[in-house]
1. Out of the residues in the range 110-125 meeting the condition of being among the β-branched types (Val, Ile, Thr) and under 10 Å from the mean Cα position of the chain (by Cα), tell me which one is modelled with the highest pLDDT.
2. Could you list all residues from the range 16-47 that are in a loop (DSSP other than H, G, I, E, B), open to solvent by 100 Å² or more (accessible area, probe 1.4 Å) and at pLDDT below 75?
3. Of all residues in the range 76-101, count the ones that are open to solvent by 30 Å² or more (accessible area, probe 1.4 Å), aromatic (Phe, Trp, Tyr) and outside any strand (DSSP E or B).
4. Taking only the range 130-158 into account, find how many residues are part of a strand (DSSP E or B) and either open to solvent by less than 50 Å² (accessible area, probe 1.4 Å) or within 22 Å of Tyr28 (Cα to Cα) (or both).
Amino acid sequence: VACGNGIDFSATAGPTNGTGSSELFDDYEEGTWTPSYNNDGAYVHGAITVHRYIKIGNQVTVSGNIRSNENTAGNAAFYITSLPFASADISNMKWVGPMAGDNGWSNTNTSLVAVLSHNSQHLRLHKNNTGTGLGDISFGGDVGTDANIYYTITYQAA
């Protein structure tokens, strides 16, 4: 290991038909971050939200809890607009992560998922509409007063 350059794993064998481009581990970071939201962000109870990230190389995992406030009344799609790292620009790629909710959720929204498209910092929060695919989550229509949205997603950073 050269000082300040990371850990070199080049002596290890990679996959026989893989396309690995680097065997130098040179980046690790973890911490908290404060997201921004689209229009329905006014309905988020900022004092009760928690958001964390871990970045290992170019792999990022973000997770958190978003809490609706007592004045929930929006009806537009809700999403996070400022992940700590943009996703990689890989055409037609989407990263998907689990999501759950409690307190004040509509009974029809039993399947929830977080989706991140390529070359983006916008994490979309979706419900599964049986027979019609993914639909946007909205405050007022899907999320009630004092509801929690829990999410985790791992993606490749740019």
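1. Filtering the range 110-125 for residues among the β-branched types (Val, Ile, Thr) gives 110, 113, 115.
Applying the additional criterion that residues be under 10 Å from the mean Cα position of the chain (by Cα) yields 113, 115.
Values: Val113: 89, Val115: 94.
Checked the range 110-125; the qualifying residue modelled with the highest pLDDT is Val115.
2. Just the residues of the range 16-47 that are in a loop (DSSP other than H, G, I, E, B), to begin with: 16-23, 26-27, 33-36, 38, 45.
Filter once more, so that each one left must be open to solvent by 100 Å² or more (accessible area, probe 1.4 Å): 16-17, 19, 21, 26, 34.
Correct list: Thr16, Asn17, Thr19, Ser21.
3. So the answer is 1.
4. Initial filter on the range 130-158 (part of a strand (DSSP E or B)): 133-136, 138-139, 143, 148-157.
Then keep just the ones that are either open to solvent by less than 50 Å² (accessible area, probe 1.4 Å) or within 22 Å of Tyr28 (Cα to Cα) (or both); that gives 133, 135, 138-139, 143, 148-149, 151-157.
The number of residues fulfilling the criteria is 14.
The values are calculated or read from the model by the stated rules, or taken from the named source; none is laboratory data. Quick caveat, the model's predicted, so the values are computed rather than measured. Ligands, DNA and RNA are stripped out before the accessible areas are found, and what is left, the full protein with its side chains, is counted by its heavy atoms. Shrake-Rupley method; radii C 1.70, N 1.55, O 1.52, S 1.80 Å.
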